[in-house]
Structure formats: C-alpha cells, structure tokens
Amino acid sequence: MSSQTKAAILRAARERFAAQGYERTTIRAVAADAGIDPSMVMRYFGSKEKLFDAALEVDLRLPDLAAVAEPELPGALVRHFVERWEGDPADDALLVLLRSAVTNERAAERMRAVFAEQVAPALAAAVGVERAARAAGPVAAQLLGLALTRYLLRLPPVAALTPDAVVAALTPPLRATLTA
C-alpha cells in the first residue's frame, strides 16, 4: 500500500466530507480530487463507509498535560489546539469530524469517543479524576467552539485574531473552567 496514495485519498476525503458531508460525497469525487482512479479508493478502503471512518480517525496529539504546571495548563491546552489547526485546518480530521458530527450520528459518536478517550484522561492526569470529570465537557465546548467559529465558520472577529490573541482570550475562561 503506497502511503502517499493513501494520504492523498484521505486528504481528498477529509476535504470532501468537510465541504459536502457524508451523504453528498462520492467515491468518484474523492478519487478525482486525489488524482486517481475510483477503483484505487475502493482497493485501499473497501467502501465509502470505511473511507469515512478512516477520515475520522483523530489523534489529538495532546502533550503530557501532567508535566505542565497547573497555572500554565489552560494556556498550554489552547495553544496546542491553535497551533495544530493553524498548520492546515483543511486536513485536520478533528475539524472534519466536527463539521460532520452536526448531521451524522456516526461522526457525533466518534467525536464523543475522541474526547472521552483522549481529552478526559489527559485532563485527569493533570488535575485529577474528579476535577477532570467536571471540566472535560466545558473544556471540550470551549475548544470546539473555537474550532467552529475560527476555522469552520470563519467568523471575522474570531478569524481576524492572531494565534497569540486567541490564546490570551481563551486562557482565562478555560482557567475558570478548570478551577470550578
């Protein structure tokens, strides 16, 4: 399996799923975007459903939050997501997942799993299980709200902020959430 071909298919699929959603995205369109024959998409992924699942695989690549001093934790968390999304938001599976989760139950379930399996344990390691249990949902709401307004909807007041301004603006409410 060519890793370049697979990566091209996944990138094209993420862009299509993000722009058109699951129902309107076709294997033919993904293949055309990747510059390959549709049979290659089927060879690598087997079906549109399996391609969608692969496109929704998300590794948040969270840093070891337990190693971050607690006063620095809110800023480090916001900065991590901003830096990740600033690189190439069109190819970020989390943004594709966020857009898809609004209309597709499978994507919504995957989004819930990502935060339950990655964010909650990382927070628990940093602030303890009890505080993490209270904070994980509101933290996710703030970070996903940022993704929605800055990278998907591109609301001008949010999109115009520099990455440092985003971190500065979101650190205090995230700190309040983590200490509540």
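The values are calculated or read from the model by the stated rules, or taken from the named source; none is laboratory data. Only a predicted model underlies this, so the values are computations on that prediction, with no experimental measurement involved. Note that we place each Cβ from the backbone using ideal geometry, even for glycine, and neighbour counts take in every protein chain shown. Just the protein is used for accessible areas: all its heavy atoms, side chains included, with ligands, DNA and RNA removed. Shrake-Rupley method; radii C 1.70, N 1.55, O 1.52, S 1.80 Å.
Please work out the Cα center distance from segment 75-154 to segment 8-42, rounded to the nearest Å. First find each Cα centre; the distance between them is then 24 Å. Going by accessible surface with a 1.4 Å probe and the largest first, SER2, SER39 read SER39, SER2. Screening the chain for whole DSSP H helices with an alpha carbon extent of at least 18 angstrom along the helix axis and a mean Kyte-Doolittle hydropathy of at least -0.5 yields 73-87, 129-146, 163-179.
Restriction of the trypsin sites (Lys or Arg not before Pro) in segment 1-63 to DSSP coil positions whose beta-carbon has at most 16 other beta-carbons within 10 angstrom yields ARG61. At q = 0.12, 0.13, 0.17 Å⁻¹ the log10 of I(q)/I(0) for segment 9-86 amounts to -0.48, -0.53, -0.69, computed by Debye summation with a single uniform scatterer per C-alpha, solvent ignored. Computed with every protein chain present, the accessible area of ILE36 is close to 50 Å² [probe 1.4 Å]. Short-range pairs are left out: with C-alpha atoms under 8 Å and at least six residues apart, the relative contact order of segment 54-131 is 43 percent. Loop-resident trypsin sites (Lys or Arg not before Pro) (DSSP state other than H, G, I, E or B) in segment 81-174 with no more than 16 further Cβ atoms inside 10 Å of their Cβ: ARG154.
In a reduced charge model with +1 at each Lys and Arg Cβ and -1 at each Asp and Glu Cβ, segment 44-180 shows a dipole moment near 380 debye about its Cα centre. Here the relative contact order of segment 1-73, from alpha carbon pairs under 8 Å that lie six or more residues apart, stands at 30 percent. Restricted to Cα atoms, the chain shows a radius of gyration and a Dmax of 17.5, 53 angstrom. Projecting the Cα atoms of ALA69, VAL167, ALA113 onto the dipole axis of the chain, where Lys and Arg carry +1 and Asp and Glu carry -1 at the beta carbon, places ALA113 farthest toward the positive end. In the chain, the DSSP-assigned H stretches of four residues or longer account for a calculated mean residue ellipticity at 222 nm of -21500 deg cm²/dmol, using -39500 (n - 2.57) per stretch and the full residue count as denominator. Across the chain, the relative contact order, built from alpha-carbon pairs under 8 Å that are at least six residues apart, equals 23 percent.
Taken per residue, the accessible surface of segment 59-180 reaches 48 Å², heavy atoms only and a 1.4 Å probe. Annotation for segment 10-70: GluC sites (Glu not before Pro) lying in DSSP loop with at most 11 further Cβ atoms inside 10 Å of their Cβ are GLU57.
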